[in-house]
Amino acid sequence: MRPISSGSQTVGPFFRIGLEHLCAQDAPAWGEGAQIVRVRGRVLDGEGAPVPDALLEVWHADAEGQYGAGEPMQSGRSACFTRASTDDDGGFCFALARPGAIDCGTGEKQAPHVAVLVFARGLLRHLMTRMYFPGEPSNAEDPVLRLVPEDRRGTLIAREDPQRRGELEWNVVLQGNEETVFFAW
C-alpha cells in the first residue's frame, strides 16, 4: 500500500494566545526628558474587518537617532523595541520614546519613524512597514518615504487622535484600496 497524500489544514497561528505574555504591559523607564508618544490603532483586513489575533513588533531609534541603545529586552519591551497584540476589535496600543532622525551616512537623514513588523493569521511571512510622525518637517526629505507614491504616503503617517489629546492614531490595513504600504526585505 502507498500512503495517501492529503492536504493539511492549519490551525492558527494564535499570536495573541502564544505571545501576548511577551507584549509590553507597561512602559519601560525612559530617560529623563524623553518625549513619550502613545499610538493607538487597529489592524484591519481587506474587507475592513478587525484582525483580532495580530501581533506588532515595533523597532525604533533613540532620541539621538541611534539604534541598539535601548535597555536589554524584558517582557517584550526595551527603550527601542516593543510588542503589541490586537484585541477582539483589532485594536492595539503601544507607547514609545519619540525617536530622533537617523543619519544615513550619505549626508541624508531619515525622518523620525518606527519600523513595524506585522504578524497575523493568513500571512506566510510577516509584513514590514513604517510609521512616521505627523507634522514632521523632515518627512518631505526622508529618502524611504520619497520612494512611496505621494498618494500612498498617508498610509505611513500617523494622525493626531481627535479623541485623545496628545496621542497618535495609525491603522494597519492588510489589503484593499486603503492598504498600508509594506516594504520588501
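The values are calculated or read from the model by the stated rules, or taken from the named source; none is laboratory data. The structure displayed is predicted, hence computed values, not measured ones. Because the Cβ atoms are built from the backbone with ideal geometry, glycine has one as well, and the counts that use them run over all protein chains shown.
Listing for the model above:
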| item | result |
| --- | --- |
| Residues that are surrounded by fewer than 16 Cβ atoms within 10 Å (Cβ to Cβ) and either touching a helix residue (DSSP H, G or I) at 6+ places or on another chain (Cβ under 8 Å) or modelled with pLDDT of 90 or more (or both), drawn from region 104-116 | GLU108 |
| Output for region 138-177, where each listed residue is in contact (Cβ under 8 Å) with a residue 60 or more places away in the chain, out of contact with any Gly (no Cβ under 7 Å at 6 or more places or on another chain) and more than 24 Å from GLN35 (Cβ to Cβ) | VAL173 |
| Filter result for PRO52 (at pLDDT 90 or above, in a loop (DSSP other than H, G, I, E, B) and surrounded by 14 or more Cβ atoms within 10 Å (Cβ to Cβ)) | yes |
| Region 104-136, subset of a type in the set (D, E, K, R) and assigned to a loop (DSSP other than H, G, I, E, B), residue farthest from the chain's Cα centre (by Cα) | GLU108 |
| Qualifying residue in region 3-19 (condition: within 18 Å of the chain's Cα centre (by Cα) and either at pLDDT 90 or above or more than 25 Å from GLY176 (Cα to Cα) (or both)) | yes |
